[in-house]
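Take a look at the structure set out below.
The values are calculated or read from the model by the stated rules, or taken from the named source; none is laboratory data. Because the structure is a prediction, the values reported are computed rather than measured. Cβ coordinates were reconstructed from backbone atoms using ideal geometry, including for glycine residues, and neighbour counts include every protein chain displayed.
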Amino acid sequence: MSIIEAIILAIIEGLTEFLPVSSTGHLIIGTALLGIEPSAFVKLFTIVIQLGTILSVLVLYWKRFFKSFDFYYKIAVAAVPAAILGLLFNDFIDSLLESPLMVAIMLVVGGVILLFVDKWFNKPTLDNSDDIPYKRAFMIGLYQCLALIPGTSRSASTIVGGMTQKLTRKAAAEFSFFLAVPMMFGASVVKLYKFFKAGHTFAENELSILIIGNIVGFIVAIIAIKSFISYLSKHGFKIFGWYRICVGIILLIMLLSGQSLNVI
């Protein structure tokens, strides 16, 4: 992987990680178009650059992270279901991840759902994610489990989950951002552990590429989060639904045309 390719993938990750469009699906298309082979480092890179996007949440919402311990307890309660299922069914989830067809199908299915979600949950009562009760936080965590299916989108599942619990679009999106921190950090740590446990080491320039990717992802994610919150509060999810459907169809066309897609 070259530095230019790493920057392109980091831009894709930063733009799509917190949007309800599936960063996995976009990275599949990106790596396929760039012709990047799925080496051990490439697979590590596409996970560990999430550390940069995590940092963007901490920077933008740093006051919320130092407000009270109650905040951390709610995040922990919401994170538990997906963490447990992820550990129990890790091999099965990895097998699903190896199917580009699954990703394409879930992109389309999720897109159709986003076309109607604004009408389904249009009577919110909570405008501040800090006020969410523990039970509702746990329910959002259950929705996050859907994101274990590749192509579903962690952001989409948790934001929709928040809206089912009477959160406004803005509050649901912010809680989704906060919930991403422990999940993405945990995924990055596990990936690094498995990388080194398997006997892999960084080749020449790979550590630099990883650092550059995180920096680029951090900058792009800050822009994406600010823009997303502003747009979502005013316009809702419909455009993201149509976008997902289009990306899913593109993936299906690439698959039907016989193009080999490397799932990262």
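Please identify the pairs in which a residue from the range 226-255 that is without any contact (Cβ under 8 Å) to a residue 60 or more places away in the chain has its Cβ atom under 7 Å from the Cβ atom of a residue that is of a type in the set (A, V, I, L, M, F, W, C) and assigned to a helix (DSSP H, G or I), counting only partners at least 6 apart or on another chain.
Filtered contacts from the range 226-255: Ile229/Ala173.
Any residue in the range 40-58 that's within 13 Å of Leu210 (Cα to Cα): show its pairings with residues that are hydroxyl-bearing (Ser, Thr, Tyr) at Cβ separation under 6 Å, as long as the two are six or more apart or on different chains.
These pairs meet every condition: Ile47/Ser188; Val48/Ser188; Gln50/Ser188; Leu51/Ser188.
Can you tell me which residue in the range 66-75 is farthest from Met183 (Cα to Cα), limited to those that are surrounded by 14 or more Cβ atoms within 10 Å (Cβ to Cβ) and hydrophobic (A, V, I, L, M, F, W, C)?
Checking each candidate, the answer is Phe71.
Sort out which residues of the range 78-98 are at pLDDT 80 or above and over 24 Å from Met139 (Cα atoms), and write them in order of number.
Hits for the range 78-98: nothing passes.
Just for the range 143-178: of the residues that are in a helix (DSSP H, G or I) and over 16 Å from the mean Cα position of the chain (by Cα), which one is nearest to Ile132 (Cα to Cα)?
Ala171
Given the criterion surrounded by 14 or more Cβ atoms within 10 Å (Cβ to Cβ), assigned to a helix (DSSP H, G or I) and more than 18 Å from the chain's Cα centre (by Cα), identify the matching residue among Leu232, Leu210.
Step by step, each of Leu232, Leu210 is checked, and only Leu210 is surrounded by 14 or more Cβ atoms within 10 Å (Cβ to Cβ), assigned to a helix (DSSP H, G or I) and more than 18 Å from the chain's Cα centre (by Cα).
Six or more apart or on different chains, Cβ atoms under 7 Å: show the pairs whose first residue is in the range 104-124 and under 18 Å from Ile149 (Cβ atoms) and whose second is modelled with pLDDT under 95 and hydroxyl-bearing (Ser, Thr, Tyr).
Met106/Thr152; Leu107/Ser22; Gly110/Thr152; Gly110/Ser153
Please go through the range 188-207 and give me each residue that is touching a helix residue (DSSP H, G or I) at 6+ places or on another chain (Cβ under 6 Å) and in a helix (DSSP H, G or I), ordered by number.
Selection gives Ser188, Lys191, Phe195, Glu206.
Name the residues in the range 104-125 that are crowded, with 17+ Cβ neighbours inside 10 Å and either at pLDDT below 85 or not in a helix (DSSP H, G or I) (or both), would you?
Correct list: Phe121 only.
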